[in-house]
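One structure below.
No value in this document is a laboratory result; all are computed from the given coordinates. Owing to the predicted nature of the structure, the values given are computational and were not obtained by experimental measurement. Note that each Cβ is placed from the backbone with ideal geometry, even for glycine, and that neighbours are counted across all protein chains shown.
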Amino acid sequence: MSSTDTIYALASGSGRAGVAVVRISGPQAGVALAALTAKPLPQPRRAQLMRLRHPQSQDILDDALVLWFQAPASFTGEDVVELHVHGGPAVIDGVLAALCGLEGLRLAEAGEFTRRAFENDKLDLTQVEGLADLIEAETEAQKKQALRQSEGELGRLYETWRSALIRALAHFEAELDFSDEELPEDLHTAVVEDVRTLLSALQAHLGDGRRGERLRSGVRLAIIGPPNAGKSSLMNALAQRDAAIVSDIAGTTRDVVEVYLNLGGYPLLVADTAGLRESGDVIEQEGVRRARHWAETADLQLAVFDGSDLPYLDASTRALLHVGAATRTIVAVNKSDLCTVPLPTDIDGHRVWPLCVKSGAGLDDLLVHLAQRVGDKCRLSADAPAPTRARHRQSLSRTVQALERFLARDNRQHMGAELEAEDLRLAARELGRITGRVNVEDLLDVIFRDFCIGK
């Protein structure tokens, strides 16, 4: 991959459409446009209708709306051409074939346009990731978070912290290197206070309950309970389709069935799990093991009891109500119309939501409550963005550790000022890795390979 090449690709989605966009970027972009139109370049950043012809055969390719972006005022920071052509396969294939025949042009690799934007300082790495998330966003909340990140809000926060660290490091090293000069008496104290303030902000940022990551990937909800309690029927009711097989035969669900939902604008991954019971069937035993694992690791668990069995409550399901924080558990009693005893208001301290999935009774109330709980898990502050990836959290944690070491050494004194300075350097480097302001070559291939060809 060379940044001196001129690259091209279909930038819009594949398949038939009213309009398709072909993007060209690089030093030969203007030459390529001239070859297709046999006319002078249009005014930069102004759309112009132009006829495209094959440079060799002169066959008409299409009448296209053409946009010319002159470097550096483009997405990639290079000369860029966008051809807005009719979105039929024959038109697209013809335009791409014509470009393929031009000397100095090649098809772009996955994510190469965006990588060039990063390399030309048009985007930092958090903006690149935000753009990828915006393309993948399926809910309103995901879209809002991705927009904030792609517009640079998260990157600006980290760069502000990094600048504060670099300033603190400069002041600290000035005290070391120019100890015989007249420096402010409180310089060291000011550095320590700045580090403490920054450490507190970083710890608060990391203590967000992983809301940004949950919002990006979806809140995980496990539906658990005994066989024949109506878990699969509830899953189908939530999904509004037959996602899981339903029957009166105990043990019908043996594996975990997952469905992705948009609930109140928030992403929710729902897992219908095997009924919790002892079984001599090896396959069902594995299903129960997976059900328990899902229940223990999910962000939320929805325990469904069979109302026709009351006052008996399944012991295996009940045991899982106490796994993890109480705020992750929701309890429902299905077949509430078949109860022969008064329905309990709570089970082990958890409010009971009465249901009859077959008739739909109680389902709307449960959905409203579930939407609230999901929102609580990933609702973001309007003021501050949140980390959205494990790599953000890893670098932030390393930054915190470095600052804690700095303060611990400073408190003990005489521990070596050079080591304290190195702690500040490491902290600044880790923040720089998030935005790509320091060497992150090992990260780039991983980040950009997640893009489609035309991005």
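Name the long-range amide H neighbours of G225: under 5 Å, sequence gap of 5 or more, or other chain; modelled H, no Pro or chain starts. Counting only residues 5 or more places away or on other chains, the set is L276, V304. For volume of the Cα convex hull per residue in Å³, several values are listed as [x] 186; [y] 142; [z] 217; flag the one computed from this structure. Recomputing volume of the Cα convex hull per residue in Å³ here picks out [z]. Put in line by how crowded their Cβ is, counting other Cβ atoms within 10 Å and starting with the fewest, E103, E296, E112 read E103, E296, E112. Distance from the Cα centroid of segment 36-106 to that of segment 322-343 is 62 Å (rounded to whole angstrom). Exposure proxy shown here: for S14, S232, the number of other Cβ atoms within 10 Å sets the order, fewest to most, as S14, S232. For the chain, adding -39500 (n - 2.57) for each run of n ≥ 4 DSSP H residues and dividing by the number of residues yields -14000 deg cm²/dmol at 222 nm.
In summary, the convex hull built on the alpha carbon positions of segment 6-120 has an orientation-averaged projected area of 6.4 nm².
DSSP beta bridges in the chain, what fraction antiparallel, as a percent rounded to 5?
Details: 33 of 54 bridges.
Taking every DSSP beta bridge within the chain, about 60 percent pair in antiparallel fashion.
Note on V323, V257: ascending count of other Cβ atoms within 10 Å places them as V323, V257, the fewest first. Among the helices of the chain, those built from whole DSSP H runs whose Cα atoms reach 20 Å or more along their own axis and whose mean Kyte-Doolittle hydropathy is at least 0.5 are 187-206.
Once you have a ≥ b ≥ c as the square roots of the Cα gyration tensor eigenvalues for segment 353-392, tell me rounded if a/c is under 1.5, and otherwise prolate or oblate according to whether a/b is larger than b/c. Cα axes put segment 353-392 in the prolate bin.
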